[in-house]
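Report on one structure; see the data block that follows.
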Amino acid sequence: MNDKNEKAYEKVIEHIKNEIWQGTLKRGERLPPERELADSLGVSRNSVREAIRTLGLMGFVSSMQGAGNFVTCDIQQNMSESLRMMLLLGETNYLQICQLRCGLETENARLAAERILPKQVARLQELVCLMREETNPQKASAYDQEFHRLLCEASGNRLIKSLFGAMLSTFNDFISTMYQRIAEEPEQFEALHTAHEQLVDALAGHNADMAIQAIWRHFEVVEDSIRKSKIL
């Protein structure tokens, strides 16, 4: 791509971003047709297409066959793809993702202790029991994933939810594998269950400090298992 085309492509991106910023374009609204954008900005349709493709990869625009291009806010998809590529390229690893999760879930626990609803506490208590009773590690892992998704919802923070969702979509297979490995170590498995139970008790009592301590104990078990598995 030469400098002229690159500037044209960037010009389209900046125009669309400014329209969103000013409120002229809102989430769910359709962008002007490619030809109209090209004519109004004095660029080629190829430049418009490249700009829209880039904004699509960023999660800000989605294309529907025969319907056009629409403003979206699927940041989670963008982050998920970026995280997956970082893993494939060796720019990060599962240990670092686990440490980031610990940071996010610490804040989830603190916020959830203030905001959690009785029905959410009841479901978390149910999931804790299901995890203890389930003998199939894969099914138990699915309960564990639901547990942490619900904790994230209870925090009420949409940005954390997006970050967390992006990690989980990449991390779920690994979580399932690690859960099964932890299940093979009775002492670690008991520590993991206990941490879940202590977290629910803390949330039910709206005790943020106890909730944070329980999350830290939970991730100490997970991180220790990651290190022992040598999948860093």
Can you list residues whose amide H is under 5 Å from Val61's amide H, if they're 5+ apart or on another chain and H is modeled 1.01 Å from N? Gly56, Thr72
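Could you work out the per residue convex hull volume over the alpha carbons of region 4-69, in cubic angstrom?
Numbers: hull volume 5.3 nm³, N = 66.
Each residue corresponds to 80 Å³ of Cα convex hull volume.
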Checking Gly28, Gly103, Gly66 against a Gaussian network model of the chain (alpha-carbon springs below 10 Å), the top fluctuating residue turns out to be Gly66
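What percentage of all Cα-Cα pairs in region 1-138 are separated by more than 17 Å? Present the calculation step by step, with values, prior to reporting the outcome.
Numbers: 6888 of 9453 pairs.
Tail fraction, whole percent: 73.
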How far, in degrees from 0 to 90, does helix 137-155 lean away from the longest principal axis of the Cα atoms of the chain, to the nearest 10? 70 degrees
Distance histogram in 5 Å bins (all Cα pairs of region 105-225, percent per bin): 2, 12, 23, 26, 22, 12, 3, 0
Can you compute 3J(HN,Hα) from phi for each residue in region 116-126, using the Karplus curve 6.51 cos²θ - 1.76 cosθ + 1.60 with θ = phi - 60°, rounded to whole Hz and x for Gly and Pro? 4, 8, x, 5, 6, 4, 4, 5, 4, 4, 5
Rounded to 10°, Cα long-axis angle of helix 94-115 versus longest principal axis of the chain: 80 degrees
How far, in degrees from 0 to 90, does helix 158-183 lean away from the longest principal axis of the Cα atoms of the chain, to the nearest 10? 40 degrees
Relative contact order of region 36-133: what whole-number percent is it, with Cα pairs under 8 angstrom and at least 6 residues apart? 11 percent
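Treating only the Cβ atoms of Lys and Arg (+1) and Asp and Glu (-1) as charged, compute the dipole magnitude of the chain about its Cα centre; round to the nearest 20 debye.
Details: 27 positive and 33 negative charges, 160 e Å.
About 760 debye.
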Quick one: compute the contact order of the chain, relative version, from alpha carbon pairs under 8 angstrom and 6+ residues apart, as a percent. 20 percent
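Counting other C-beta atoms within 10 Å, and keeping those with at most 14, which DSSP coil trypsin sites (Lys or Arg not before Pro) do you find in region 82-116? Show your work: numbers first, answer last.
Values: sites: Arg84, Arg101, Arg110, Arg115; in loops: none.
Passing sites in region 82-116 do not exist.
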Amide H of Gly68: which non-local residues (sequence gap of 5 or more, or other chain) have their own amide H closer than 5 Å, using H built in the peptide plane? none
List nothing, just return the count: lysine pairs in the chain, 8 or more apart or interchain, with Cα separation under 27 Å. 12
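Enter the mean projected area of the convex hull around the alpha-carbon atoms of region 69-165, in nm², rounded to one decimal.
Mean projected area for region 69-165: 8.3 nm², to one decimal.
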Quick one: pull the percent of accessible area on the chain belonging to carbon and sulfur, 1.4 Å probe, ligands and nucleic acids left out. 51 percent
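Over all directions, average the projected area of the Cα convex hull of the chain and note it in nm².
On the way: hull surface 62.3 nm².
Across all orientations, the chain yields a mean hull projection of 15.6 nm².
Hey, what did region 71-202 get for relative contact order, percent, Cα under 8 Å, at least 6 apart?
On the way: 96 pairs, mean separation 46.2, N = 132.
The value is 35 percent.
The values are calculated or read from the model by the stated rules, or taken from the named source; none is laboratory data. Bear in mind the structure is a predicted one, so any value in this text is a computation, not a measurement. No Cβ is skipped: glycine too gets one built from the backbone with ideal geometry, and neighbour counts run over all protein chains shown. Note: areas computed on protein heavy atoms with side chains; ligands, DNA, RNA excluded. Shrake-Rupley method; radii C 1.70, N 1.55, O 1.52, S 1.80 Å.
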